[in-house]
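Engineer: Submitted below is the structure of interest, expressed as structure tokens.
The values are calculated or read from the model by the stated rules, or taken from the named source; none is laboratory data. Here the structure is a predicted model, which means the values were calculated and not measured. Cβ coordinates were reconstructed from backbone atoms using ideal geometry, including for glycine residues, and neighbour counts include every protein chain displayed. Accessible surface areas use protein heavy atoms only, side chains included; no ligands, DNA or RNA. Shrake-Rupley method; radii C 1.70, N 1.55, O 1.52, S 1.80 Å.
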Amino acid sequence: MSLNYLGSLIGTEVKINRGGPDSIVGRLLSVHHDYLAVQMKDGTIVYIQLQHIKSISSTNSNVSRGNKSNRAPQRFENAYTFEGLLGQLRYTNVQINRGGPEKVEGLVVHSGDNILLLVVNNEIIRIPIFHVKSINALNKNNSKGNKSDSSNKNNKSNKSNKATAAQIVAIKLMLKKYRSR
């Protein structure tokens, strides 16, 4: 897919992939070297690797280039590559892939050497970055599918999805133990 074509769709509502758990409908926010960012109708910003996009189409809805929703615009990460984006999401609670058996939620603790390390329920999971189709930051209140109806909690500039200092220390100790095996 041409980056020029994708760039022409910025600000419009698009549908990525035709159906199934990896189908995403939302406003295209940005196009980068190997990924793009889409804001879904609920305000969630999803980052999708270009190599996993099977189809993209502009929907017929009347979404202008401005932000017409009642939600405050969510801050989104900006990196040249998908691996750089993963580095910016370090110590952030995320959801990997949109659904199905490959969906996983956890805390990003490291990305590099084409591997993403996630902590899920005190277990370290290694995921090859190639297998990450999409990623989005989770608000603590919204993880595990538990939707909160308070929009104020969603608009706190994404701070509630970051690990606390105590959690980071515990994670570093767990990683040290993990690496010494």
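Engineer: Anything in segment 38-58 that is part of a strand (DSSP E or B) and over 15 Å from the mean Cα position of the chain (by Cα)? List them, or say none. Explain how you work it out, then say what you get.
Structural biologist: Filtering segment 38-58 down to residues part of a strand (DSSP E or B) leaves 38-40, 45-49, 56-58.
Ile56, Ser57, Ser58 - these are the residues of segment 38-58 that are part of a strand (DSSP E or B) and over 15 Å from the mean Cα position of the chain (by Cα).
Engineer: Show the residue pairs meeting these rules: Cβ distance below 9 Å; 6+ apart or different chains; first residue within segment 40-60 and closer than 19 Å to Leu138 by Cβ; second residue in a loop (DSSP other than H, G, I, E, B) and aliphatic (A, V, I, L, M).
Structural biologist: Pairs found: Gly43/Ala72; Thr44/Leu138; Tyr47/Leu89; Gln49/Val132.
Engineer: Taking the condition in contact with a Lys or Arg (Cβ under 9 Å, 6 or more places away or on another chain) and of a type in the set (A, V, I, L, M, F, W, C), does Val31 pass?
Structural biologist: Working: in contact with a Lys or Arg (Cβ under 9 Å, 6 or more places away or on another chain): no; of a type in the set (A, V, I, L, M, F, W, C): yes.
No: the conditions fail for Val31.
Engineer: Got at least one residue in segment 100-113 being in contact (Cβ under 8 Å) with a residue 40 or more places away in the chain and part of a helix (DSSP H, G or I)?
Structural biologist: Residues of segment 100-113 in contact (Cβ under 8 Å) with a residue 40 or more places away in the chain: 100, 103, 107, 109-110.
Right, trim to part of a helix (DSSP H, G or I) and you get 100.
Checked segment 100-113: at least one residue is in contact (Cβ under 8 Å) with a residue 40 or more places away in the chain and part of a helix (DSSP H, G or I).
Engineer: Could you check segment 31-42 and list, in sequence order, the residues that are closer than 19 Å to Asn78 by Cβ, open to solvent by 10 Å² or more (accessible area, probe 1.4 Å) and in contact with a helix residue (DSSP H, G or I) (Cβ under 9 Å, 6 or more places away or on another chain)?
Structural biologist: Step one: list which residues in segment 31-42 are closer than 19 Å to Asn78 by Cβ, which gives 31-40.
Keeping just the survivors that are open to solvent by 10 Å² or more (accessible area, probe 1.4 Å) gives 31-34, 39-40.
Listed by number, the residues that qualify are Val31, His32, His33, Asp34.
Engineer: When you look at Asn154, is it within 25 Å of Val25 (Cβ to Cβ) and either under 14 Å from the mean Cα position of the chain (by Cα) or modelled with pLDDT under 90 (or both), yes or no? It would help to see each step written out before you state the result.
Structural biologist: On the way: within 25 Å of Val25 (Cβ to Cβ): yes; either under 14 Å from the mean Cα position of the chain (by Cα) or modelled with pLDDT under 90 (or both): yes.
Against the criterion (within 25 Å of Val25 (Cβ to Cβ) and either under 14 Å from the mean Cα position of the chain (by Cα) or modelled with pLDDT under 90 (or both)), Asn154 qualifies.
Engineer: How many of the residues in segment 114-132 are crowded, with 21+ Cβ neighbours inside 10 Å and part of a loop (DSSP other than H, G, I, E, B)?
Structural biologist: Looking only at that region, the number is 1.
Engineer: Could you list, ordered by first residue, the pairs with Cβ atoms under 7 Å in which the first is in segment 1-25 and surrounded by fewer than 18 Cβ atoms within 10 Å (Cβ to Cβ) and the second is hydrophobic (A, V, I, L, M, F, W, C) and in a loop (DSSP other than H, G, I, E, B), at least 6 apart or interchain?
Structural biologist: Met1/Ile53; Thr12/Val63
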